[in-house]
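The values are calculated or read from the model by the stated rules, or taken from the named source; none is laboratory data. The structure displayed is predicted, hence computed values, not measured ones. Cβ placement follows ideal geometry from the backbone for every residue including glycine, while neighbour counts extend to all protein chains displayed.
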Amino acid sequence: MTSSDVRDAVRDATAARAPLRIAGRGTWLHAGRPVNATRTLSLSDLGGVVHYEPGDFTLTARAGTTLGELTSATLPHRQFLALDPFGDPSGTLGATVATAASGPLAYAFGGPRDNVIGLEVVTGDGAIVRCGGRVVKNVAGFDLTRLFTGAWGTLGVITEVSVRLRALPAVDETYAMAVDDRPDQLSALIAALRVASIAPLAMDLASPLLASRVGAGSTTTLLVRLAGNAASVRAQRRVLDTFGDVHDMPVDVWNIVRTAEPASAIVARLSARPSRMASVWTDAREAMAGVPGAMMIASVGRGIARCVLPETTPDAARRLARCDATVIFEQLPAALWKEIAPSPVSDRLSRDIRERFDPAHVLNPGVLGEAVAP
Amino acid sequence: MAMAALPISEAASVALSPALERAASRLASIVGPRAILSRPSELVTYSADGLPFYRKRPALAVFPETREQLIAVVRALAEERVPFVPRGAGTGLSGGALAENDAVVIGLNRLRRIISIDPENRRAVVEPGAVNAGLTRAASEYGLHYAPDPSSQTACTIGGNVAENAGGPHCLKYGVTLNHVIALTVILPDGELVSLGSTEGERDGYDLLGAFVGSEGCFGVAVDVTVRLVKNPESVRTLLADYTAIVDAARAVSAIIASGVVPAAMEMMDGPTIRAVEASIYAAGYPVDADAVLLVELDGLAAGLEEDVALVERLCREAGARSVRVARDEAERARLWQGRKKAFGAMGRISPDLVVQDAVVPRTRLPDVLAEIHRIAQETGVLVCNVFHAGDGNLHPNIAYDARNPEATARVHHAMRAIMNACIAAGGTITGEHGVGLDKLDYMPLVFTDDTLDAMCRLRDVFDPERRANPGKVVPVRSCREWRMAPNTRRGELPA
């Protein structure tokens, strides 16, 4: 499969008025929003690294390349792509960029918008657009790369992605610490951590159920990932020790966290300015109280709580939707989308962008909750 | 592409079109008669930016002082359908802030308030004309700073930085403007006020904020900007390594990047630059017989920093450094940086005119490209000074010349194009932080396909369907599809 095949598929779909559901491997990050499509365009055959010059710390791969394959390619050079979205490593690079999915490492490295340096995209009118480039700094022209990143495939099918890579740190350790998550105590702890002499790659609060899944006990637990040279990590560890009883964790803990969600779960992200993290945590915990199987993980530095509920608990999802925070649902039972998740692309600019990049509405129509012509 | 500066007539007044006449009187009633300029002599300052190649005189320049005035100005221009160009401090290096004589410059330098600083969330809200270094100064009492630090930071504005997606030496570790803007309130060219990004957590949907940052004034005017502030590092160490061969310095850059240490900044200056700096009042104590010096800054937590300094020092020596000096104190550190920050000014001393160029290459290609630039300089007989962000592969080959000499000017233009072609051939791009503006319009088709340029036109048309905001910049008009398909129509004559 090549980019030209994707272009042909998009043109065929337009000619046949047969909208496409765009899929990577189709294994994870499937949008729960109902897509009004009659065909599926799978990019699973559009895989492989196109260009990798380790000395440049940049890599270009086709969209269907899995994150696991990228790790295999970069690890021998002691490099990695600093994107760790929730899901397992069979997810694709294209899907990660299309959904702007990020994980715990976003605290230190940002999300796809901060790590993607170039894209090749087939737009809805069948044009092949190559934006950005293979260099780490680039302001040539309007920033289409950012526009397509996180557009859920509705402006174009991502066929190739260039990313920046990072060097693996000499030392990479994760520590766990049980915390008192009553609002005042939690708020004080987070404020103190933010000014402490530490520079974590990730710092996440795990709810008791999730903490027990990773073997960190059965109370609310702070997971802190420290990296750098040995002297730096040692000193940061000593700083952490002043906050509580710190345990060493296997670094694998992050993979467990990322794959802990059942495929069918309801997933919501609640966010606010970081100083409100403790209050968002408390609100979300109350909204999910008494729901067996509910879990939460919060990136405390970014002020984002990720809430996971069994699909059979719509009332808890409704309660989350009413929390005093920005609530973004990643996955919901089909019937709930319209009720509690307004479309994020209903404003004039977004509607106009959609019209200009996918005039025939053949790309993932409905995936962003937008009105779809019957 | 570069052209010789054109003389501008100094007539006392110029007849305005009826629409501009109406606009002028409406603008005067919004901002007051003293905050609008229309006489050619008053408009001289607004007829150029930091790049000396171009001069264009706008019809008017208007200087709103409040948010309400800015909004009213843009709405009045929308109603009169008059083109406009937003302008910050005019320090840009791509001709991006220049306006044709049918357009109005909206000067934003009076909208310079820092509206609020929120130390707990490490962010600030500023007006577009707030000066970059002024924000860092205001944030310093909280132990914070604004990280993007273009060389013009003592004058340039945050609004201008947003328009250009400005960089600077410390972007190597901390990222460019895009990575530091959280939210914007924008007035679109048609007068609609929109908020992009979010101050209250994540923003779902299309990344309109990401699209706006770096749009060079073509998508509207920022009314306020919410930026991220960064905690001041506990400790900072600055090293200077000197080399008798610039390729050795380039190899040191590669070795440091590969080691996994991420310096806060990694800057290179070549022999001609060093000698210009050392002959100026900004002398920093660089060795004048060196072919290149590498300035490396490491910062962060105090613990572990000395280990990184030792590693970088070793890598510099292994690449062939004659000496490596670690600044002993803040005064020495400031002096080492002063030479770098004032290099452009120092080069200005050695000849009347200076072209500051901007291109990016993959970092492994630095040695080849620097050698190629050297070859081009010799072949064309021009003096190229290289001072640049080596860690990002962001080159600034600058050419000192005398614009009064047409033959020399022609050689400069020839050399510039050859250098740009060499950077593109190496897999690079035509601008890393200065923007396309007017200067690089003709290079755009060298790095982007017709379909890609057309997609850029489509994005612009979402924000500004009438193409009244900073017309004629960034994307060549002939790249837009409706122009390509119907080149004889009136619509095709609209500037891109």
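At-a-glance table
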| read-out | value |
| --- | --- |
| Hits in the stretch B:102-145 (condition: more than 29 Å from residue A:188 (Cβ to Cβ), assigned to a strand (DSSP E or B) and not hydrophobic (A, V, I, L, M, F, W, C)) | B:107 |
| Selected residue (only one of A:55, A:32 is out of contact with any strand residue (DSSP E or B) (no Cβ under 9 Å at 6 or more places or on another chain) and modelled with pLDDT under 95) | A:55 |
| Condition broken by residue A:152, with the remaining ones in (1) touching a strand residue (DSSP E or B) at 6+ places or on another chain (Cβ under 8 Å); (2) closer than 30 Å to residue A:265 by Cβ satisfied | (1) |
| Inter-residue pairs, beta-carbon under 7 Å, first over 17 Å from residue B:179 (Cα atoms) and within 13 Å of chain A (Cβ to nearest Cβ) and in the stretch B:113-128, second surrounded by fewer than 21 Cβ atoms within 10 Å (Cβ to Cβ) and of a type in the set (S, T, N, Q), 6+ apart | B:120/A:275 |
| Single unsatisfied condition, residue B:141 versus (1) surrounded by fewer than 24 Cβ atoms within 10 Å (Cβ to Cβ); (2) in contact with a helix residue (DSSP H, G or I) (Cβ under 9 Å, 6 or more places away or on another chain); (3) free of Cβ contacts under 8 Å to residues at least 12 places away in the same chain | (2) |
| Any hit, the stretch A:249-269, residues being of a type in the set (Ser, Thr, Tyr) and within 21 Å of residue A:301 (Cβ to Cβ) | no |
| Every pair of residues 6+ apart whose Cβ atoms lie under 9 Å, when the first sits in the stretch B:281-305 and is free of Cβ contacts under 8 Å to residues at least 60 places away in the same chain and assigned by TED's automatic domain parsing to the domain that holds residue B:271 while the second is part of a loop (DSSP other than H, G, I, E, B) and among the acidic types (Asp, Glu) | B:303/B:234 |
| Odd one out for residue B:197, checked against (1) crowded, with 23+ Cβ neighbours inside 10 Å; (2) of a type in the set (Gly, Ala, Ser); (3) in contact with a Leu (Cβ under 6 Å, 6 or more places away or on another chain) | (1) |
| Residue list for the stretch B:234-250, filter: surrounded by fewer than 19 Cβ atoms within 10 Å (Cβ to Cβ) and closer than 30 Å to residue A:77 by Cβ | B:235, B:236, B:245, B:247 |
| Answer residue from the stretch B:204-213, given it is in a loop (DSSP other than H, G, I, E, B) and touching a helix residue (DSSP H, G or I) at 6+ places or on another chain (Cβ under 7 Å) and is farthest from the other protein chains (Cβ to nearest Cβ) among those | B:213 |
| Helices (runs of 4 or more DSSP H) wholly inside the stretch A:45-118 that include at least 1 residues being farther than 30 Å from residue A:194 by Cα | A:67-74, A:93-98 |
| Positions within the stretch B:180-193 being more than 20 Å from residue B:161 (Cβ to Cβ) and either out of contact with any Gly (no Cβ under 8 Å at 6 or more places or on another chain) or at the interface with chain A (Cβ under 7 Å from one of its Cβ atoms) (or both), in sequence order | B:190, B:191, B:192, B:193 |
| Candidate set: the stretch A:33-65, residues that are of a type in the set (Val, Ile, Thr) and within 28 Å of residue A:18 (Cβ to Cβ); chosen: the one nearest to the chain's Cα centre (by Cα) | A:65 |
| Residue count, the stretch B:77-101 (criterion: surrounded by 23 or more Cβ atoms within 10 Å (Cβ to Cβ) and not in a loop (DSSP other than H, G, I, E, B)) | 5 |
| Residue, surrounded by the fewest Cβ atoms within 10 Å (Cβ to Cβ), within the stretch A:184-196, restricted to residues that are assigned to a helix (DSSP H, G or I) and in contact with a helix residue (DSSP H, G or I) (Cβ under 7 Å, 6 or more places away or on another chain) | A:187 |
| Matching residues, the stretch B:439-451, being crowded, with 24+ Cβ neighbours inside 10 Å and not aromatic (Phe, Trp, Tyr) | B:439, B:440 |
| Among (1) touching a Lys or Arg at 6+ places or on another chain (Cβ under 7 Å); (2) among the basic types (Lys, Arg); (3) at pLDDT 95 or above, the one test that residue A:113 misses | (3) |
| Residue match in the stretch B:161-181 (condition: part of a strand (DSSP E or B) and at pLDDT 95 or above) | yes |
| Positions within the stretch A:119-156 being at the interface with chain B (Cβ under 7 Å from one of its Cβ atoms) and not in a loop (DSSP other than H, G, I, E, B), in sequence order | A:123, A:128, A:129, A:130, A:131, A:144, A:146, A:147 |
| Extreme residue, farthest from the chain's Cα centre (by Cα), among residues of the stretch B:415-452 that are closer than 12 Å to residue B:473 by Cα, more than 10 Å from every other protein chain (Cβ to nearest Cβ) and aliphatic (A, V, I, L, M) | B:441 |
| In the stretch B:393-413, residue nearest to the other protein chains (Cβ to nearest Cβ) [restricted to those that are assigned to a loop (DSSP other than H, G, I, E, B) and surrounded by fewer than 20 Cβ atoms within 10 Å (Cβ to Cβ)] | B:403 |
| Residue A:89 in contact with a Leu (Cβ under 8 Å, 6 or more places away or on another chain) and under 26 Å from residue B:360 (Cβ atoms) | no |
| Unique match (being touching a Pro at 6+ places or on another chain (Cβ under 7 Å), more than 14 Å from every other protein chain (Cβ to nearest Cβ), over 20 Å from residue B:208 (Cβ atoms) and surrounded by fewer than 21 Cβ atoms within 10 Å (Cβ to Cβ)) among A:292, A:314, A:365 | A:314 |
| The stretch B:207-218 residues that are without any contact (Cβ under 8 Å) to a residue 24 or more places away in the chain, paired with ones that are surrounded by fewer than 24 Cβ atoms within 10 Å (Cβ to Cβ) and part of a helix (DSSP H, G or I) (beta carbon under 8 Å, 6 or more apart) | B:207/A:113; B:208/A:349; B:208/A:350 |
| Candidates B:324, B:312, filtered to the one that is surrounded by fewer than 21 Cβ atoms within 10 Å (Cβ to Cβ) and β-branched (Val, Ile, Thr) | B:324 |
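Yes/no per residue for (1) in contact with a Gly (Cβ under 6 Å, 6 or more places away or on another chain); (2) without any contact (Cβ under 8 Å) to a residue 12 or more places away in the chain; (3) not polar (S, T, N, Q):
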{"site": "B:351", "(1), (2), (3)": "no, no, no"}
{"site": "B:354", "(1), (2), (3)": "yes, no, yes"}
{"site": "B:369", "(1), (2), (3)": "no, no, yes"}
{"site": "B:372", "(1), (2), (3)": "no, no, yes"}
{"site": "B:385", "(1), (2), (3)": "no, no, yes"}
{"site": "B:394", "(1), (2), (3)": "yes, no, no"}
{"site": "B:399", "(1), (2), (3)": "no, no, yes"}
{"site": "B:408", "(1), (2), (3)": "no, no, yes"}
